[in-house]
Each structure stands twice: as structure tokens, then as C-alpha cells.
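Working notes, structure below.
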Ligand code: C5P
């Protein structure tokens, strides 16, 4: 058995995000197309004999204690499977924090996956997905990876076959939003544009990039743009710079734009970097 493993944790974006209603448990019933992108955290997991869990990182902006979802994932895994070992986790953070990109959830998913390998537990994918759902709504998708249609809290997943590869310019403005706060303020009556998920999936199946871009919508923009109007300005600017379309990811504030021309995308990146520190040219990531 190895005592150390290195795993990658890709970010995700929501190509569509619809809310069907509020549930009795306080969560919202979602219908969302999720896509991994090749913006990755790198995680080293090491077994130790001390029986404790420690988290360290190159970033001082993430918690290094039980608040960290990767730490929660390790605790849950070790507890559930009665492991005596301790774990030392190092997170090399590249995914912006509080950004709507599931960075923390992806780290947690990578730790579950990594510990399963490291401890040779041979858990089935469904067992890992169930554990992931206990940590956060986005964790099951991060475990599954690729592209998927998610329903329920986000844990009911239907994998999607590969479609056209996406070239995306991602902009994270210099503020964070609280996911819980955005959902709390969500009011169906204030949504002006809902995604047509069926039409989106039809374009997806046909590898029709124009249709895919045209059908991207996120109902949470109705809340986050009201709090931070700058999100709408970023979307507009990206479209002016040649993107087919631009959308906020998750509860925001990150915005991604779909480009078909790499030269145009690189120029747009240069332009956006004059105003924003965190600008990334990325692609859809397939497992
Ligand atoms: O599941 P997770 O802890 O990542 O969710 C963060 C917050 O987002 C929850 O506390 C909840 O307020 C909100 N949420 C929701 N409906 C979902 C997913 C998240 O209301 N489907």
C-alpha cells in the first residue's frame, strides 16, 4: 500500500442553472448542466501514523481547519471506514475562492477519491457519491466529473456524452459572494430569463456551439447581479470582445465566456487582465 498520492481537483461551471422550487429541507430543487474545466487544484494526500487530519495550502485565503471541505471529507471517510490512520493534506490552490467554481467541493471530492485509492478501500462510485453528498451539493458532480445534468440538490446526476470542446474565458472579479445568501435571497418572481434546458441539451447532442452558447442561462444571476451589478458589466464586456455568450457560474461572481476563435479569446484575455487579476483561458475538461 502506498502512503502518498497526488490528485487533481478541477473547477466546474454551470452552463445552465434553473431552480424549480424550494424544498422542505430548505434546499432548492435544481436543474443544472455542470461542466468541469481544466483549471485545477493539486492535492497531495499522505497517510500518517498520528491519527489526526491536517490541512496546509499555498493559499492563506482558505481555512486550514474543519471548515475546509477537504478536511471534512477526510474525517468522514476515515470515520466511516474505521481507519486508524491520520492524514496530511496539502492543497496547491489555483481555483479562485468563493467564486461559484466549486473549488472547495472539488478538493473534497479529490480527497474522497484519493483516500479510497490510498487505503485500497475499493468503494464503488455510488458509495463515494453518497459520501460526497453529505459534504456538499456540488461534491457528487465533482466526483463524477466531465459533464452532467444535475437535479435535486445537485446530487442526482445524469452524465452527458462529450459534445463540442469549449474554449472559455473565465473572469473572477475581486469580490466573493456567499452561496447560502444568494439562495436565501432567491425569488422566483424576480427571474426574467429561465434556461430552456431541453433546447440546451438538444444543441449539446448536436455539438452545435451556437445553440449551446445561445441557451446558457442562470437564474441565480437575478440575485447576484442585484448585489453586484459589476457581474452584468463583465458579461457585456466579454460579449463586446467577441464571445458568443457569457454567463455567471453557480451563485457567482465568476463569469465565463464562450469563444470559438483562440486569437480573439487571447486578445479578450489581455484586455480583461487590465481590469481583473483573476482571468483564465480554459477548456472543458473530460475525464
Ligand atoms: O450544499 P452546500 O453546503 O454546498 O450548499 C451551500 C448553501 O447553498 C446551502 O446552505 C443552501 O443554503 C444553498 N443551496 C440551496 N439549494 C441547493 C444547493 C445549495 O439552497 N440545491
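A short reminder: the numbers here are calculations on the coordinates, not readings from a lab. Because the structure is a prediction, the values reported are computed rather than measured. So basically every Cβ, Gly included, is an ideal-geometry build from the backbone, and we count neighbours across all protein chains shown.
A crude spin-label estimate for the pair residue 38 and residue 56, with each label 7 Å from Cα along the Cβ direction, gives 3.1 nm. Under 16 Å from a point 7 Å along the Cα-to-Cβ line of residue 207: which residues of region 160-181 have their amide N that close? Hits in region 160-181 for residue 207 at 16 Å: 161-167. Helix 230-240 and the longest principal axis of the C-alpha atoms of the chain enclose an angle of approximately 60°. For the pair residue 158 and residue 48 in one chain, pulling the backbone fully straight at 0.36 nm per residue adds 35.9 nm over the alpha carbon distance. Look at 88, 277 and count the other Cβ atoms within 10 Å of each Cβ; fewest to most, that gives 277, 88.
The ranking of 59, 137, 52 from fewest to most other beta carbons within 10 Å of each one's beta carbon is 52, 59, 137.
Computed from Cα atoms alone, the Kirkwood hydrodynamic radius reported for region 79-139 is 12.7 Å. Against the compact-protein benchmark of 2.2 N^0.38 Å, the Cα-based radius of gyration of region 1-103 scales to 1.27. For region 77-207, the extents of the C-alpha atoms along the principal axes are 53, 36, 29 Å, listed from largest to smallest. Per-residue ellipticity at 222 nm computed for the chain from its helices equals -10000 deg cm²/dmol, with DSSP H segments shorter than 4 residues left out and the rest contributing -39,500 (n - 2.57). Take the convex hull of the alpha carbons in region 152-223; its mean projected area over all directions comes to 6.4 nm². Modelled spin labels at residue 180 and residue 81, positioned 7 Å past Cα toward Cβ, are 3.0 nm from each other. When each of 90, 256, 200, 175 is scored by the number of other beta-carbon atoms lying within 10 Å, the sequence from fewest to most is 175, 90, 200, 256. At 10 °C and 1.306 mPa s, what whole-number value in µm²/s does Stokes-Einstein give for the translational diffusion of the chain, with Rh from the Kirkwood sum over Cα pairs? Approximately 82 µm²/s, per Stokes-Einstein. The length gained on full extension between residue 121 and residue 240, counted as 0.36 nm times the residue separation minus their Cα-Cα distance, comes to 37.7 nm.
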